[in-house]
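**Student:** Sharing a structure with you now.
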Amino acid sequence: MMQPVKIRILSTLKDADGSLQNTEQRYQGTMREKDGKYYVMYHEDAQSGLEGTKTTLKWDGEHVLILRSGTVDHRQEFRRGYIDKSIYVTPYLKLALTTETSYVYTYFRDGVWHLEVEYTLHHGGSPYGDMKILIEIEEDIQVGH
């Protein structure tokens, strides 16, 4: 059964110059659990620059997968020590990305899922920056009650 959820995504990019860029995004979505894996689906908005894209988060105890389809097509997998090679496809260009995950931690506390991921992103063979992402997923009790 799909359950309505509120999603909050905090991300920090430390670029090659060492400067920090923080963003926060909030979405409404749905969540379900199947065979010990969790799935959250939501639609990106204009603020993210990915309007027209559906994002699916899938996770278990040791890995997080982000799937995007629509305006942007991309599959990115995070697992500690794992190097993920992917192609980020937009209507205008294709970017070859390499994601080197240093940290993944998923836990459920006080009714909220926390997905923490830290990784280094490379494109075109050179480092783009170090990313830290915190995704909080909370049941949306106002919807449907």
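**Student:** Strands (runs of 3 or more DSSP E) wholly in region 1-95 with at least 3 residues that are over 14 Å from the mean Cα position of the chain (by Cα) and closer than 20 Å to E118 by Cβ - which ones?
**Tutor:** Details: elements: 3-15, 20-34, 37-43, 53-59, 63-70, 74-79, 83-89.
Of the strands (runs of 3 or more DSSP E) lying wholly inside region 1-95, those with at least 3 residues that are over 14 Å from the mean Cα position of the chain (by Cα) and closer than 20 Å to E118 by Cβ span 20-34, 83-89.
**Student:** For region 1-32, what are the residues that are in contact with a strand residue (DSSP E or B) (Cβ under 8 Å, 6 or more places away or on another chain), over 18 Å from E44 (Cα atoms) and among the acidic types (D, E)?
**Tutor:** Selection gives D15 alone.
Yes or no, residue by residue, for (1) at pLDDT 95 or above; (2) closer than 25 Å to E33 by Cα:
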{"site": "V64", "(1), (2)": "yes, yes"}
{"site": "E77", "(1), (2)": "yes, yes"}
{"site": "K85", "(1), (2)": "yes, no"}
{"site": "V112", "(1), (2)": "yes, yes"}
{"site": "L115", "(1), (2)": "yes, yes"}
{"site": "P127", "(1), (2)": "no, no"}
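**Student:** If you check K132 against the conditions, is it in contact (Cβ under 8 Å) with a residue 12 or more places away in the chain and basic (K, R)? Spell out how you get there, then give the answer.
**Tutor:** Details: in contact (Cβ under 8 Å) with a residue 12 or more places away in the chain: yes; basic (K, R): yes.
Taking the combined requirement at face value, the residue satisfies it.
**Student:** If we scan region 25-47, do we find a residue that is of a type in the set (S, T, Y), touching a Lys or Arg at 6+ places or on another chain (Cβ under 8 Å), farther than 26 Å from Y128 by Cβ and modelled with pLDDT of 95 or more? Show your work before the answer.
**Tutor:** Taking region 25-47 first, the residues of a type in the set (S, T, Y) are 27, 30, 38-39, 42.
Narrowing further to those that are touching a Lys or Arg at 6+ places or on another chain (Cβ under 8 Å): 27, 38-39, 42.
Checking which are farther than 26 Å from Y128 by Cβ leaves us with 38-39.
From the residues that got through so far, the ones that are modelled with pLDDT of 95 or more too are 38-39.
Yes, because at least one residue in region 25-47 is of a type in the set (S, T, Y), touching a Lys or Arg at 6+ places or on another chain (Cβ under 8 Å), farther than 26 Å from Y128 by Cβ and modelled with pLDDT of 95 or more.
The values are calculated or read from the model by the stated rules, or taken from the named source; none is laboratory data. As the structure is a prediction and not an experimental result, all values here were calculated from the model. Glycine gets a Cβ as well: all are built from the backbone with ideal geometry, and neighbour counts include every protein chain shown.
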